[in-house]
1. Return the pairs, sorted by first residue and then second, in which the second residue is among the hydroxyl-bearing types (Ser, Thr, Tyr) and surrounded by fewer than 24 Cβ atoms within 10 Å (Cβ to Cβ), the first residue lies in the stretch 1-26 and is more than 13 Å from Glu151 (Cα to Cα), the beta carbons are less than 7 Å apart, and the residues are 6+ apart or on different chains.
2. Considering only the stretch 250-275, how many residues are within 10 Å of the ligand (Cβ to nearest atom) and without any contact (Cβ under 8 Å) to a residue 40 or more places away in the chain?
3. Looking at (1) away from the ligand (no atom under 16 Å from the Cβ); (2) closer than 30 Å to Val11 by Cα; (3) assigned to a loop (DSSP other than H, G, I, E, B), which is the only condition Asn344 fails?
4. Give me the pairs: first residue in the stretch 156-167 and farther than 22 Å from Glu389 by Cα and touching a residue at least 40 places away in the same chain (Cβ under 8 Å), second residue within 8 Å of the ligand (Cβ to nearest atom) and not charged (D, E, K, R), beta-carbon distance under 6 Å, and six or more apart or on different chains, which are they?
5. Give just the number: which of (1) more than 11 Å from the ligand (Cβ to nearest atom); (2) farther than 19 Å from Asp161 by Cα; (3) in a helix (DSSP H, G or I) does Tyr219 not satisfy?
6. What number of residues within the stretch 377-436 satisfy the criterion of being part of a helix (DSSP H, G or I) and either touching a His at 6+ places or on another chain (Cβ under 9 Å) or farther than 25 Å from Lys229 by Cβ (or both)?
7. Looking at the stretch 222-251, which of its residues are in a loop (DSSP other than H, G, I, E, B) and of a type in the set (Val, Ile, Thr)?
8. Restricting the search to the stretch 380-427, which residues are of a type in the set (Phe, Trp, Tyr) and either under 25 Å from Gly260 (Cβ atoms) or over 30 Å from the mean Cα position of the chain (by Cα) (or both)?
Amino acid sequence: MKIAIIGTGYVGLPTGVGLAELGNEVVCVDKSEDKINALNSGKLTIYEDGLAELFAKNVQNGRIKFTTQMKDAVPQADVVMIAVGTPPHPFTKEADMQYIHAAAYELAEYLSGYTVVATKSTVPVGTGDDVEAIIAKTNPTADFDVISLPEFLREGFAIHDFFNPDRIVIGTNSDKARNVMKKLYQPFENKTKFLFVKRRSSETIKYASNAFLAMKIHYINEMANFCEKSGADIREVAQGMGLDSRIGNKFLNPGPGYGGSCFPKDTNAMAQMAKKYGVHLNLIETTIAKNDQRKAEMAERILSHLSDRKNGRVAVLGLAFKGGTDDCRESPAMDIVRDMLKVNRNICVYDPKALENARKLLIENVDYASNPYEACKDAEVIAVLTEWEDFKNLDFVKLKREVLNPCIVDLRNIINQKQAEENGFEYYCIGQIAQN
Ligand code: UGA
């Protein structure tokens, strides 16, 4: 089938490459000339595990193309997917719909023949109605259906998730659109569940899922706080809880708080959206407030291990909002560094993939290292803030030679505690009373 994808970010690009790999002819559109020039010259604009190989293959066989012009993508498309950003409004925290609306106005002009217009971006309930109205007004003769097609890809695992979806949710009342989507996703027929629901239900499923996952993380973080006082061990508690299939063993890793471009944005948008309907989502509102508070508490926890809070050297390992991605947007690690900088200007940071993005967002008041050992030079405390595989295999003998004081604050519970302690490190993690 012929697919146009509007927006080449963390959702649009992996989706486009995945659909091309399934045999479709895909044209990706983006307003940014820089991005399109890079993609056209074979350079990826984001890091995603497994994306580079599939990207190169499908560029080469011509199944995926890139343009800044809707007119080169939309007229021939059977399906147009809108995958532009819906960033939080800086003041109201509602999802900012300007890019969705602009895309709808522009694509409307070029629709030709029956086309399914699918919103892949996470959008407030009722957006499908708005997009439909915009298209109908702009191009009264257009033959189209607007459907909701929420995306459940995780950053860092987007390619894996694209080919192994837990479910495919399609929000539409139109049989014609349903048949087009069945054909597009036919390769997944025996692999996953298809859920055809009302458009507004589909839009809600995305927010309700992300907010639930955010609450699950908040919950395990609260349990970790409890364990730190009560003498229980959160790792054992999470394991025991996770064996109940009603709870499930995923998303029970305590940490410095959730981050990224989705959970903070979507929990806020959900809470604001509900208020408009006169509904107070207390659990979600508490989750948002406590998750923000947690990052400040974690900064304090790290600084408390310095002999001199103001001048002691802090090594930060990990800046991405989670392992496997170069994305630092709304990263707890970045907030924690910013919080620490309010008192301490002696911080050295390292991340295996995210340093370039971090530089764009972080202050110049930190030192950047090109490996973990360099970051730890003269450190009084090493703070592990992102769950990178690389940090699980640190050479403690080498590390000990670099530091001023052997102390690790592991906010992701990934360091081998036994090895660290055997090599003379004080070790503090989340959800456990410190042994030292
Ligand atoms: C999330 C959802 O998991 C995807 O299903 C969804 O498609 C995506 O948002 C989106 O809306 O586009 P993502 O933001 O890539 O995906 O990241 P997650 O893997 O969900 O992690 C989010 C945050 O929670 C990270 O900061 C991570 O470190 C944290 N987390 C996750 C924990 O602290 N503990 C856990 O057990 C799991």
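1. These pairs meet every condition: Thr8/Thr45.
2. Filtering the stretch 250-275 for residues within 10 Å of the ligand (Cβ to nearest atom) gives 250-266.
Checking the rest, the ones that are also without any contact (Cβ under 8 Å) to a residue 40 or more places away in the chain come to 250-252.
The number of residues fulfilling the criteria is 3.
3. Going through (1) away from the ligand (no atom under 16 Å from the Cβ); (2) closer than 30 Å to Val11 by Cα; (3) assigned to a loop (DSSP other than H, G, I, E, B) one by one, Asn344 breaks only (2).
4. none
5. The single condition Tyr219 does not satisfy is (1).
6. Of the residues in the stretch 377-436, the ones part of a helix (DSSP H, G or I) are 389-393, 396-402, 417-422.
Next, from what is left, pick out any that are either touching a His at 6+ places or on another chain (Cβ under 9 Å) or farther than 25 Å from Lys229 by Cβ (or both): 389-393, 396-402, 419, 422.
Matching residues across the stretch 377-436 total 14.
7. Step one: of the stretch 222-251, the residues in a loop (DSSP other than H, G, I, E, B) are 231-233, 243-251.
If the condition is that a residue be in a loop (DSSP other than H, G, I, E, B) and of a type in the set (Val, Ile, Thr), then Ile247 is the only one that fits.
8. Trp388, Phe391, Phe396, Phe425
The values are calculated or read from the model by the stated rules, or taken from the named source; none is laboratory data. Predicted model only: the values in this text are computed from it and were never measured. When we count neighbours, we look across all protein chains shown, and the Cβ atoms used for this are built from the backbone with ideal geometry, even at glycine.
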